[in-house]
1. May I ask you to derive the FRET efficiency for residue B:132 and residue A:118 from their Cβ-Cβ distance with R0 = 30 Å, giving the value to the nearest 0.05?
2. Running a GNM on chain B with Cα contacts under 10 Å, which residue among B:135, B:65, B:32 ends up with the highest mean-square fluctuation?
3. So for B:150, B:64, fewest C-beta neighbours within 10 Å to most, what's the order?
4. If you stretched the chain out fully between residue B:70 and residue B:56, how much longer would it get, using 0.36 nm times the residue separation minus the C-alpha to C-alpha distance?
5. How many nm is it between the label spots at residue A:35 and residue B:24, if each spot is 7 Å from the Cα in line with the beta carbon?
6. Order of A:81, B:66 from fewest to most other C-beta atoms within 10 Å?
7. Project the alpha carbons of the stretch B:65-157 onto their principal axes and report the range along each, largest first, in whole Å.
8. Work out the FRET efficiency for residue A:101 and residue A:234 from their Cβ-Cβ distance, taking R0 = 56 Å, and round it to the nearest 0.05.
């Protein structure tokens, strides 16, 4: 938990933007660390899949997933958050740069159970900015080691156009490693990068059939627009991957982040408290009843 | 060459579950093609007389638009089928197909496959169902692409 006042998850602590990296025209990654000479900062390092409530001095709060965890020279957590500007709050965060102060509450939520994937092939399927919360999964799996014959890592990424693909350089680095397969697909071949696009044109689910992994001995991690996740789970199931072996990150309507406001209620679950990461079979139960 | 082509086709997902006799029947007059990136495989409006089983590489399906030039609307990759216009009238290609990378594929002769289906109702059902599944999958994908799910029409924060 970030340390602001003792024991409070309601009052933001203060973090400082240490670095700002532009990923796409509307997406940046902010590296947030402790404020120099000031007590506080992240006490517990966030786990992959968790989120923090971020705010600026002039805007409200939004839940933003952790996209990488590191540490400073003192060993205190330094966290990357990847933010897409889609409204007033995220636009405010998008404009932040080195030296700017942010309000930070968290980390909150249930993260990816990377430990359950030990010794199994790992399939990561990301749609759009959904790659951001999955990046720590890739970091963890690569840290544990992959091998073309014993434990493979498959990363499937979808984006609207080539210019909307986040972490393009890292995707290339991952693809160069033995035991790792990276495939990308864009919905439409327009805009910057279209002429040189080497990948597929179509939906990310179309990449599942040709991915090289052992469907009976794998763990899948999926994040992106809900309709994309729904059909990805179905495609994985067609390959023979049980829904219980597929984890998804559902980020609906989280507002307080601490299970009090009820905005993110989904049946008996509160996504901020019982998610955002859930297994696909659990999510299928929760979404069995829906509005028409 | 023929034996080599049959062995290749037997390994392709299109042939999953087909008997050796079925594979032999559809592979008569088939040919292995290996083309470099940039090769035009077929042109919109031409008579469609091949069914391509792609093994390596990526083929782009393109449409020519007077105002915009060519637009690539989809790709077909390893393990997939390129071309279904041969199966139904007017038997004319609906798109251009251009190799976006070096491509290796087996070109089944459409007339041979249709004749084999004509003489074997069971094979006819299997082939038609395989093509129908491919069409359904691509129709679904096209509809999802139309949804534009990655736009900022989602939850605004």
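Bear in mind that the values in this text are calculations on the coordinates, not laboratory data. Just so it is clear, the structure is predicted and the values come from calculations on it, not from any experiment. Cβ placement follows ideal geometry from the backbone for every residue including glycine, while neighbour counts extend to all protein chains displayed.
1. Working: r = 41 Å, r/R0 = 1.37.
For residue B:132 and residue A:118, the calculated efficiency is 0.15.
2. Its mean-square fluctuation being the largest, the pick is B:65.
3. In increasing order of surrounding Cβ atoms, one gets B:64, B:150.
4. Working: separation 14, 0.36 × 14 = 5.04 nm, distance 2.36 nm.
Working it through step by step, the gained length comes to 2.7 nm.
5. My value for the distance between the label points is 8.2 nm.
6. B:66, A:81
7. Here the Cα extents, ordered largest to smallest, are 61, 29, 26 Å.
8. 0.80
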